[in-house]
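Inspection log for the structure reproduced underneath, given as structure tokens.
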Amino acid sequence: MNTEILGIIVMFTLSILLAIPLGKYIAKVYGGEKTLLDPIFNPIERIFYKISGINPHTEMNWKQQMVVMISINMVWFLLGMVVLMNQGNLPLNPDKNPSMSADLAFNTVISFVVNCNLQHYSGESGLSYLGQYWLMFLQFVSAGTGMAAAVVLFRAFRDKTADTLGNFYSNFVKSCTRILLPISFVVAIILAFEGTPMTFEGKDTITTLQGDSVEVSRGPAAAFVPIKHVGTNGGGFFGVNSAHPFENPSYLSNMVEMVAQLIVPLAMIFAFGYFIRRRKLSWMIFGVMTVGFLMLTIPNINMEMNGNPAIAAMGIDNSLGAMEGKEIRLGAPASGFWSIVTTVISTGSVNSMHDSSMALSGMNELLAMMINAFYGGVGVGLLNFFIFIILAVFISGLMVGRTPEFLGKKVEAREMKIAMIIALLHPFLILVGTALAAALPQYTADSLNNPGFHGLSEMLYEYTSSSANNGSGFEGLGDNTPWWNISTGFVLILSRFLPIIGPVAIAGLLAQKKFVPEGDGTLKTDTATFGLMVFAVIAIVAALAFFPVLALGPIAEYFSLY
């Protein structure tokens, strides 16, 4: 077996094996049970609550939790605008990087607040170390926000009937301190030993093997990089993200970063099963997500390993695979695997340039974000999948002539209306944004380095990445313009908070309903048959919504190669 393929299998298997006990630990954290980290973090959390005057034991209903979520995110946004628009005059700026323009700061702060990290700047020249540290803080709290929102779903289906579903502040702080911080600390230690810099010094001067003297950017990258993966954020400390040898120095660091971005989204699936005491349901969810993931991953690895036929036709050795835009130390298979992991999970970090992927590899990367329900980001991936469960329950109920039920709660018209709005919002934002960009070339034409099919794919990728809270890009697109900064900024806002509020609202409404005990006629939702139904619903929604635009972009580009 190819050693690179073996490395991929080891990475994925290790992630699953670590995610199962981590899921049990997460369930204990949110369930208020004792854990090994309690003696360390209980005193720290008490200080937070004492300073803020917050009572973490006050129960909230779903509406109160969503108000809290939006309020604290607004505070972080305003503070971030102040930092980034004034960073040129603030401390921790040894390289004298300038302050950001208003439109770029708007896009950057919104992007990091919503866990997307769509970067229209290059980290070496676009941010001071203070700016980087503020964005690192946002990577912790944005991930914690998604996880705290998912806990509302956990509580809604553990308690048979409930009006209150925990305390948002408590779950948010626990997410950051008990889960994200310890894992990030372990990853940071490994990266520091592998060679990732951790310093507040400015650029260093080195002499290359050719004898040239060049300046090399440094900074506190070892602290920044772990949370970008553990929190499925993806923002790079350096411009080329994890393709940079300081962010991702070796094949070992590549494996560690890969496991880091997989582990929490996987663990949240198992945590859901442990928390509501329905482990079979969590395995059904994991199974559907994994089948979808592998259907995207295996073709991508194969296509990137086989290389570009147009280059092979020129008589050029293509044995290493499609290596344009890739790092030789990582290789085509590991880059192809990463490209799907990072788009399926909505991390958005890259270890190769997706703009250089094979045409159908680019399509799979787009599909991973368009579906946005196979694993997904921390917390929100489960919320996105929950919408498809509700749709599948409703359709299944109609097919067998019974009232749709999920975990003992009747799914009625109000829940279905919310689910349909949220399911259609994602394609609406992507397709409308792309259509406007194509229809207004006076604002976008100068941004495209590639005309024709690939140019459309670049625009489509930008809005898909924004709507999926992913942050990766086809970087042939010159996206630091007022059009792209502002238009994607509004897509980022709508695509983050509405898809959180919708599933939480459904969970809150179902939690208030009378619990109906399972009977002989109850639709079993933890079976392979129901899993197949959920998968079919996901496939149909994605195919109907996105096939036409994919046919005009990456599919047409694929046929142009032959």
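The values are calculated or read from the model by the stated rules, or taken from the named source; none is laboratory data. It should be emphasised that the depicted structure is a prediction, and the values quoted were computed from it without experimental measurement. Here the Cβ positions follow ideal geometry from the backbone for every residue, glycine too, while neighbour counts run over all protein chains shown.
Sort through Ile5, Ile9, Ile51, Ile47 and tell me the only one that's in a helix (DSSP H, G or I), of a type outside the set (Ser, Thr, Tyr) and touching a residue at least 60 places away in the same chain (Cβ under 8 Å). Write out each step before concluding.
Numbers: Ile9 fails: touching a residue at least 60 places away in the same chain (Cβ under 8 Å); Ile51 fails: touching a residue at least 60 places away in the same chain (Cβ under 8 Å); Ile47 fails: touching a residue at least 60 places away in the same chain (Cβ under 8 Å).
Testing whether each residue is in a helix (DSSP H, G or I), of a type outside the set (Ser, Thr, Tyr) and touching a residue at least 60 places away in the same chain (Cβ under 8 Å) leaves just Ile5.
Could you look through region 434-467, keep only residues that are among the small types (Gly, Ala, Ser) and over 13 Å from Met369 (Cβ atoms), and pick out the one that is surrounded by the fewest Cβ atoms within 10 Å (Cβ to Cβ)?
Selected residue: Ala439.
Name the single residue that is nearest to Asn384 (Cα to Cα) among those in region 98-126 being modelled with pLDDT of 95 or more and among the aliphatic types (A, V, I, L, M).
By that ranking, first place goes to Val114.
Might you let me know whether region 54-62 holds any residue that is more than 28 Å from Phe270 (Cα to Cα), surrounded by 14 or more Cβ atoms within 10 Å (Cβ to Cβ) and in contact with a helix residue (DSSP H, G or I) (Cβ under 8 Å, 6 or more places away or on another chain)?
Initially, region 54-62 is screened for residues more than 28 Å from Phe270 (Cα to Cα), giving 54-55.
Within this subset, residues satisfying the condition of being surrounded by 14 or more Cβ atoms within 10 Å (Cβ to Cβ) are 54.
Subsequent filtering for residues that are in contact with a helix residue (DSSP H, G or I) (Cβ under 8 Å, 6 or more places away or on another chain) retains 54.
Checking region 54-62: at least one residue is more than 28 Å from Phe270 (Cα to Cα), surrounded by 14 or more Cβ atoms within 10 Å (Cβ to Cβ) and in contact with a helix residue (DSSP H, G or I) (Cβ under 8 Å, 6 or more places away or on another chain).
Test Val67 against the stated conditions and say whether it is of a type outside the set (Asp, Glu), under 28 Å from Tyr375 (Cα atoms) and surrounded by fewer than 16 Cβ atoms within 10 Å (Cβ to Cβ). It would help to see each step written out before you state the result.
Details: of a type outside the set (Asp, Glu): yes; under 28 Å from Tyr375 (Cα atoms): yes; surrounded by fewer than 16 Cβ atoms within 10 Å (Cβ to Cβ): yes.
Here the answer is yes, as Val67 does meet what is asked.
Where the second residue is of a type in the set (Lys, Arg) and the first is within 9 Å of Ala332 (Cα to Cα) and lies in region 298-321, which pairs have Cβ atoms under 9 Å and are six or more apart or on separate chains?
Glu304/Lys326; Leu320/Lys326
Going through region 516-539 one residue at a time, which ones are farther than 15 Å from Pro404 by Cβ and of a type outside the set (Asp, Glu)? Full working, then the answer.
Kept after step one, since they are farther than 15 Å from Pro404 by Cβ, are these residues of region 516-539: 517, 520, 526-529, 531-532, 535-536, 538-539.
If the condition is that a residue be farther than 15 Å from Pro404 by Cβ and of a type outside the set (Asp, Glu), then Pro517, Thr527, Ala528, Thr529, Gly531, Leu532, Phe535, Ala536, Ile538, Ala539 are the ones that fit.
Look at Gly519 and say whether it is of a type outside the set (A, V, I, L, M, F, W, C), over 29 Å from Thr145 (Cβ atoms), surrounded by fewer than 21 Cβ atoms within 10 Å (Cβ to Cβ) and without any contact (Cβ under 8 Å) to a residue 12 or more places away in the chain.
yes
Is it the case that Thr464 is in a helix (DSSP H, G or I), without any contact (Cβ under 8 Å) to a residue 60 or more places away in the chain and in contact with a helix residue (DSSP H, G or I) (Cβ under 9 Å, 6 or more places away or on another chain)?
No, not satisfied.
Of the residues Thr196, Thr161, only one is of a type in the set (Val, Ile, Thr) and modelled with pLDDT of 95 or more; which?
Among Thr196, Thr161, only Thr196 is of a type in the set (Val, Ile, Thr) and modelled with pLDDT of 95 or more.
Of all the residues that make up region 364-395, how many are farther than 19 Å from Ala542 by Cβ and either without any contact (Cβ under 8 Å) to a residue 40 or more places away in the chain or of a type outside the set (A, V, I, L, M, F, W, C) (or both)?
Residues that pass the stated criteria total 1.
Looking only at region 12-36, which residues are farther than 30 Å from Ala156 by Cα and either outside any helix (DSSP H, G or I) or without any contact (Cβ under 8 Å) to a residue 12 or more places away in the chain (or both)?
Of everything in region 12-36, just one residue is farther than 30 Å from Ala156 by Cα and either outside any helix (DSSP H, G or I) or without any contact (Cβ under 8 Å) to a residue 12 or more places away in the chain (or both), namely Thr13.
Return the only residue of Met60, Met81, Met85 being of a type outside the set (Lys, Arg), modelled with pLDDT of 95 or more, part of a loop (DSSP other than H, G, I, E, B) and over 21 Å from the mean Cα position of the chain (by Cα).
Of Met60, Met81, Met85, the one residue that is of a type outside the set (Lys, Arg), modelled with pLDDT of 95 or more, part of a loop (DSSP other than H, G, I, E, B) and over 21 Å from the mean Cα position of the chain (by Cα) is Met60.
Would you tally the residues in region 108-124 being more than 16 Å from Phe497 (Cα to Cα) and touching a residue at least 60 places away in the same chain (Cβ under 8 Å)?
Adding up the residues that qualify gives 7.
If you take the residues of region 468-494 that are crowded, with 24+ Cβ neighbours inside 10 Å and among the hydroxyl-bearing types (Ser, Thr, Tyr), which of them is farthest from the chain's Cα centre (by Cα)?
Thr488
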